[in-house]
Amino acid sequence: MVHPEFIVSFGHLQSVCRIVDQSTAPFPTAALLKTHPWNAQGFAPTELYRAVPYQSASVAEGFGYEDWHWNLEVMSRGVIHVTAPETAIFYRRKANSMLTEYAAAAVLIRPSQFFEDSGWMSQAGTA
């Protein structure tokens with residue numbers, strides 16, 4: 001899975017984030033319970049998207065962050081997240097967005113096969 005190296009946010013929230021590249025800086029597995037180091041914008045073979053479709057998410061269901069869940073699901077299949085050097089995506093942040101709605105409702109990511117298979121509990125002290 002290839003992501004841009006940077007996310008440049010503008011609008012209601014202004015920031016620049018560098019995306020974690022697992023090929024050069026592995027991310028502590030246990031930290032994935034509370035943080036999402038990647039975004040939805042990325043490139044992968046069509047077959048991966050067909051094999052691992054996005055799951056629904058809504059405040060009414062109590063689940064959100066469908067890209068977080070999807071990124072974990074593909075990791076459970078051995079996919080690593082890398083970045084394309086010197087690339088950026090520009091992301092307009094609105095005051096009212098799906099992200100702020102999810103945060104306000106304290107939704108959860110769906111249960112993931114990733115946490116069943118990865119041995120994340122043995123790494124809990126490294127987060």
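What the table below lists for this structure:
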quantity	calculated
Members of region 56-110 found to be hydrophobic (A, V, I, L, M, F, W, C) and either assigned to a helix (DSSP H, G or I) or surrounded by 20 or more Cβ atoms within 10 Å (Cβ to Cβ) (or both), listed by number	ALA57, TRP68, TRP70, LEU72, VAL74, MET75, MET98, LEU99, ALA103, ALA104, ALA105, ILE109
Breaking point among (1) within 20 Å of ALA106 (Cα to Cα); (2) in contact (Cβ under 8 Å) with a residue 24 or more places away in the chain, for SER56	(2)
Test: residue in region 34-48 that is out of contact with any strand residue (DSSP E or B) (no Cβ under 7 Å at 6 or more places or on another chain), of a type in the set (D, E, K, R) and not in a strand (DSSP E or B)	yes
Residues within region 4-29 that are touching a helix residue (DSSP H, G or I) at 6+ places or on another chain (Cβ under 9 Å), outside any loop (DSSP other than H, G, I, E, B) and farther than 18 Å from ARG110 by Cβ, tallied	0
Lone qualifier among SER76, SER9, SER58 - being of a type outside the set (Asp, Glu) and more than 25 Å from THR100 (Cα to Cα)	SER76
Any hit, region 80-92, residues being within 19 Å of GLN113 (Cα to Cα) and not aromatic (Phe, Trp, Tyr)	yes
Of residues in region 16-52 being small (Gly, Ala, Ser) and modelled with pLDDT of 95 or more, the one surrounded by the fewest Cβ atoms within 10 Å (Cβ to Cβ)	ALA51
Those residues of region 111-127 which are under 16 Å from PHE27 (Cβ atoms) and either modelled with pLDDT of 85 or more or surrounded by 13 or more Cβ atoms within 10 Å (Cβ to Cβ) (or both), in sequence order	SER112, PHE114, PHE115, SER118, TRP120, GLN123, ALA127
Number of the exception - HIS12 against (1) in contact with a Phe, Trp or Tyr (Cβ under 6 Å, 6 or more places away or on another chain); (2) exposed (fewer than 14 other Cβ atoms within 10 Å of the Cβ)	(1)
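For (1) of a type in the set (Asp, Glu); (2) under 11 Å from the mean Cα position of the chain (by Cα), each residue gets a yes or a no:
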| position | (1), (2) |
| --- | --- |
| ALA40 | no, yes |
| GLU47 | yes, no |
| ARG50 | no, no |
| GLN55 | no, no |
| SER58 | no, no |
| SER76 | no, no |
| VAL79 | no, no |
| VAL82 | no, no |
| GLU86 | yes, no |
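The values are calculated or read from the model by the stated rules, or taken from the named source; none is laboratory data. What you see is a predicted model, and the numbers here were worked out from it, not measured in a lab. Virtual Cβ from ideal backbone geometry, glycine too; neighbours counted across all protein chains shown.
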